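Down below is the structure, laid out as C-alpha cells.
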Amino acid sequence: MRKILITRAVFPEVVAALSRRFEVVHNAEDRPWPPEELARRLEGVSGAMATVMDKFDEPILAQCAQLKVISNIAVGYNNIDVPACTRRGIRVTNTPGVLDDTTADLTWSLLMAAARRIAEADAYVRRGDWKIAFGVQYFLGQDIHHATLGIIGMGRIGQAIARRASGFDMRVLYNNRSRLSESDEKRLNATRVERDELLAQSDFVVVMVPYSPATHHMIGAAEIAKMKPNAILVNSARGGVVDDAALVEALKARRIAGAGLDVFEGEPKLHPELAALPNVVLTPHIGSASRATRVVMCNAAAGNMTAVLEGREPANPVN
Ligand code: DGY
C-alpha cells in the first residue's frame, strides 16, 4: 500500500475514505510541523495533502524522492515551488471553485464589520461601557448601500464579491489584467478602470489576487495615499499583497477610515501595532472556513491526490 501524508487535521470521513486505498499518516493533533519535521515525515510518502502553511521548497523537495503529488487543500498554492515540482515530476493540485462563495461571504463580513464598526461596538458592549441606552452619535459608521466598491482581481472570487454588491445598489469598479466579457460586465454591473482610478474613487477597496512576487506589496503607502479618507481596505486574499506596515501607519494617521483583514504578512504573527488599532477588523485566515466548504475542499483534495496516484488526470491540476 502506498503511503500518503495529511499534514493537518481533516475530517474523519476523509481520512477513512483515503485509508481504504492508502496507508495514511494523519496529523490528527493538528500541530503544524516545522520544515525539518515535515521533511522527515515525507520520507517514503507518495502523496501529500497539504495546507498553505506547509512550505514545499527546493530543500524539502530534494528530500522526498518518492513524492508524486502535492494536493493543496486550498485554491492558493504560493506555499509550493511549482516549477521545482514540475522539474522533479511531482504533480501539484489545488481546490478552485468550491470556495468562491464562502470566501466572498467572509470578505463581505469584513467589509460590513469595518464599515459599521461591529468589532469596536461589540467590545464596548461586552466591556460594560454601554451606560446610556441611545446616542445620536454613537459608533457612527459608513453607508455601504449606494457606495462604490472597487475590486482588484476579478477572478472567480472577485466576481462572487461583485455579485453580492447588487443587493446594496453599489457601483462596482474592477481592475484586472484581462477585461471580462461584455456580458459578464453587464451581469455584474461592473466597470473596468485603471488601478489608480479605482483607488481614488472607491469607498471600499477589496484585493483578491494570488500572492506572487508580482503582487507583493501591491497595496503600499503610495497606493493607500491615493485612496479616499473615508475608504476601507479589505484583504482576504493573501498576506504580503498589502504592506501591513504601511497600512498600520495609514490607519494610525486616519489617512483611510479602516480595514478588514483576514490574512497577514508572516501570519499568524501580526504587525505589532495592528491589534491595538480600533479601526481594523481582524480574522485568522478563515476565508473559506465554513464547515460545508472545508469538507468539500478536503474531498476535492483527496480526489485530486487519489487520481494522480492511480494514474488518472486530477480534476484540478496546477502543473
Ligand atoms: C485558499 O484556499 O487559498 C485559502 O487561503 C485557504 O488556504
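Can you report the number of residues in region 112-134 which are over 25 Å from the mean Cα position of the chain (by Cα) and among the basic types (Lys, Arg)?
We begin by selecting, within region 112-134, every residue over 25 Å from the mean Cα position of the chain (by Cα); these are 121, 123-134.
Those still in the list that are among the basic types (Lys, Arg) too: 126-127, 131.
Of the residues in region 112-134, 3 are over 25 Å from the mean Cα position of the chain (by Cα) and among the basic types (Lys, Arg).
Anything in region 236-257 that is within 14 Å of the ligand (Cβ to nearest atom) and out of contact with any Ser or Thr (no Cβ under 9 Å at 6 or more places or on another chain)? List them, or say none.
Listed by number, the list holds a single entry, Gly239.
Scan region 279-317 for residues that are away from the ligand (no atom under 12 Å from the Cβ), crowded, with 16+ Cβ neighbours inside 10 Å and under 16 Å from Gly76 (Cβ atoms) and jot them down.
Once the filter is applied, which keeps residues that are away from the ligand (no atom under 12 Å from the Cβ), crowded, with 16+ Cβ neighbours inside 10 Å and under 16 Å from Gly76 (Cβ atoms), region 279-317 yields only Asn304.
Considering only residues that are farther than 16 Å from Leu111 by Cα and under 18 Å from the mean Cα position of the chain (by Cα), which ones fall in region 248-267?
Across region 248-267, the qualifying residues are Phe264, Glu265, Gly266, Glu267.
Has region 225-245 got at least one residue that is surrounded by fewer than 19 Cβ atoms within 10 Å (Cβ to Cβ), on the phi < 0 side of the Ramachandran plot, assigned by TED's automatic domain parsing to the domain that holds Asp105 and of a type in the set (Val, Ile, Thr)?
The answer is no; no qualifying residue exists.
What are the residue pairs meeting all of these: first residue in region 223-242, first residue without any contact (Cβ under 8 Å) to a residue 60 or more places away in the chain, second residue within 12 Å of the ligand (Cβ to nearest atom) and part of a strand (DSSP E or B), Cβ atoms under 6 Å, and 6 or more apart or on different chains?
As it stands, the answer is Val242/Asn235, since those pairs meet every condition given.
Does Arg91 count as closer than 30 Å to Gly311 by Cα, more than 16 Å from the ligand (Cβ to nearest atom) and modelled with pLDDT of 95 or more?
Here the answer is yes, as Arg91 does meet what is asked.
Report, by residue number, each residue of region 71-88 that is among the hydroxyl-bearing types (Ser, Thr, Tyr) and either more than 16 Å from the ligand (Cβ to nearest atom) or surrounded by fewer than 20 Cβ atoms within 10 Å (Cβ to Cβ) (or both).
The answer is Thr86, and nothing else.
Gly260: within 16 Å of the ligand (Cβ to nearest atom) and either small (Gly, Ala, Ser) or outside the structural domain of Pro32 (by TED's automatic domain parsing) (or both), yes or no?
Spelling it out, Gly260 is indeed within 16 Å of the ligand (Cβ to nearest atom) and either small (Gly, Ala, Ser) or outside the structural domain of Pro32 (by TED's automatic domain parsing) (or both).
Hey, among the residues in region 180-206 that are in contact with a Gly (Cβ under 6 Å, 6 or more places away or on another chain) and either among the acidic types (Asp, Glu) or outside any loop (DSSP other than H, G, I, E, B) (or both), which one's nearest to Ala115 (Cα to Cα)? Reasoning before the result, please.
Our first condition is that a residue be in contact with a Gly (Cβ under 6 Å, 6 or more places away or on another chain); within region 180-206, this holds for 198, 202, 205.
Remaining after also requiring either among the acidic types (Asp, Glu) or outside any loop (DSSP other than H, G, I, E, B) (or both): 198, 205.
Values: Leu198: 18, Val205: 12 Å.
Residue satisfying both the conditions and the ranking: Val205.
For region 15-53, enumerate the residues that are within 16 Å of the ligand (Cβ to nearest atom) and surrounded by 13 or more Cβ atoms within 10 Å (Cβ to Cβ). Steps first, please.
Start the filter on region 15-53 by keeping residues that are within 16 Å of the ligand (Cβ to nearest atom), which leaves 27, 30, 32, 48-53.
Correct list: Asn27, Pro32, Ala48, Met49, Ala50, Thr51, Val52, Met53.
Scan region 60-70 residue by residue and report those that are surrounded by fewer than 16 Cβ atoms within 10 Å (Cβ to Cβ) and either within 16 Å of the ligand (Cβ to nearest atom) or free of Cβ contacts under 8 Å to residues at least 12 places away in the same chain (or both).
Ala62, Ala65
The values are calculated or read from the model by the stated rules, or taken from the named source; none is laboratory data. Fair warning: this is a prediction, and the values are worked out from it, not measured in the lab. As a convention, Cβ positions derive from the backbone with ideal geometry for all residues, glycine included, and neighbour counts pool all protein chains shown.
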